[in-house]
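The values are calculated or read from the model by the stated rules, or taken from the named source; none is laboratory data. Model, not experiment: these values are computed from the prediction. Using ideal geometry, Cβ is built from the backbone for each residue, glycine included, and neighbour counts are taken over all protein chains shown. Just so you know, the surface numbers come from the protein's heavy atoms only, side chains and all, with ligands and any DNA or RNA stripped out. Shrake-Rupley method; radii C 1.70, N 1.55, O 1.52, S 1.80 Å.
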Amino acid sequence: MSKNKLTKFNELNSLTNTFQPNQKELLNDSFFLKGKWSQEFKNSNPIVLELGCGKGEYTVNLAKSNPNINYIGVDIKGARIWKGATLAQKSDLRNVRFLRTQIEQIDKFYCADEVSEIWITFPDPQIKYRRRKKRLTSELMLQSYKKILKKNGLVHLKTDSEFLHGYTLGILEKLNVEIIKSTHDLYKSNTIDKSMEIKTFYESMFLKKKKPITYICFKFI
Ligand SMILES: C[S@@+](CC[C@H](N)C(=O)[O-])C[C@H]1O[C@@H](n2cnc3c(N)ncnc32)[C@H](O)[C@@H]1O
């Protein structure tokens, strides 16, 4: 039987690779690792975020393949993070951390130029107009990613949602970005690398339903 949410929350508190900021830190913009993640990882390797990481498949699998890069999975749902964080701890992946927070607050956790790359993996498309500010690729969200990204830092978006794919391309058109790759069907496109092939929990569900997976990679200019 799978563990219940309460047990996972309690276990999450004891995992040394997971951070859950308190309200005071958020209010005072005083999160203790902001600008200091290199000290936490004990190296100056690049830092890559997975936003809306869920169970953290990208965070964990990229970390296994690239020990000289640091990965941080970010999500608000503790019971989901628990899965990736527990696996990373058991696998002794020293280049993995998880952060439980609202992505709207991301610039309270990283200072300018602290992040090298961002993966956004199967975010909720938030189709309803009144939910538009919740889209992880809204203009406001993208501006907050720009604040923390290094120059030429890549942003990747993988989604099954044609709506979110098109919406994001529309938003990007208004911003000063270079689109590196955009496809309506990643697995039918001819340029696919190992990192694009990692399958998240949600992606596996969509693939079973034979939904094409879309992908965008861009950088701010
Ligand atoms: C559809 S799930 C995808 C999870 C995982 N990336 C996957 O592909 O299996 C979207 C995830 O984004 C998280 N999420 C959505 N909006 C968020 C926000 N504003 N802040 C933090 N997490 C958010 C949800 O908690 C959820 O785990």
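Solvent exposure of residue 139, expressed as accessible area, is near 70 Å², computed with a probe of 1.4 Å over the protein chains only. Of the whole protein surface, residue 146 contributes about 90 Å² of accessible area at a 1.4 Å probe radius. Note on surface exposure: 128, 55 rank 128, 55 by accessible area, highest first, 1.4 Å probe.
Can you sort 162, 11 by 1.4 Å-probe accessible area, starting with the largest? Before the final figure, lay out the partial values.
Details: 162 90, 11 55 Å².
Putting 162, 11 in descending order of accessible area: 162, 11.
Okay, helix-only estimate at 222 nm for the chain: each DSSP H run of n ≥ 4 adds -39500 (n - 2.57), divide by all residues, round to 500 deg cm²/dmol; what do you get? That comes out to -9500 deg cm²/dmol. Within the assembled protein chains, the solvent-accessible surface assigned to residue 44 is about 100 Å², based on a 1.4 Å probe.
Take the residue pairs 3/128; 42/151; 36/211; 34/188 and return only those whose Cα atoms are more than 31 Å apart. Don't skip to the answer; put the middle values down first.
Details: 3/128 33 Å; 42/151 23 Å; 36/211 40 Å; 34/188 40 Å.
In this structure, 3/128; 36/211; 34/188 lie more than 31 Å apart at Cα.
Only beta bridges with both residues in the chain are counted; by DSSP, about 35 percent of them are antiparallel.
What is the sum of charges, Lys and Arg at +1 and Asp and Glu at -1, for the other residues whose Cβ falls under 13 Å from the Cβ of residue 40?
On the way: positive: 34, 36, 42, 94, 97; negative: 114.
Local net charge: +4.
If I take every Cα pair under 8 Å that is 6 or more residues apart in the stretch 31-86, average their sequence separation and divide by the length, what percent do I get for the relative contact order?
On the way: 71 pairs, mean separation 20.0, N = 56.
It rounds to 36 percent for the stretch 31-86.
Computed in the context of the full set of protein chains, the accessible area of the stretch 1-46 at 1.4 Å probe radius has 51% of its extent on carbon or sulfur.
Counting only lysines at least 8 places from residue 5 when in the same chain, those with an alpha carbon closer than 21 Å to its own are 55, 77, 83, 90.
Over all other residues within a Cβ to Cβ distance under 15 Å of residue 106, the charged ones net out to 0, with Lys and Arg as +1 and Asp and Glu as -1.
Considered as an equivalent ellipsoid built on the Cα gyration tensor, the stretch 135-185 has semi-axes of 18, 12, 10 Å, the largest given first. The residues of the stretch 29-139 expose on average 45 square angstrom of accessible surface per residue, using a 1.4 Å probe on protein heavy atoms.
In the distance distribution for the chain, Cα-Cα pairs more than 23 Å apart total 46 percent.
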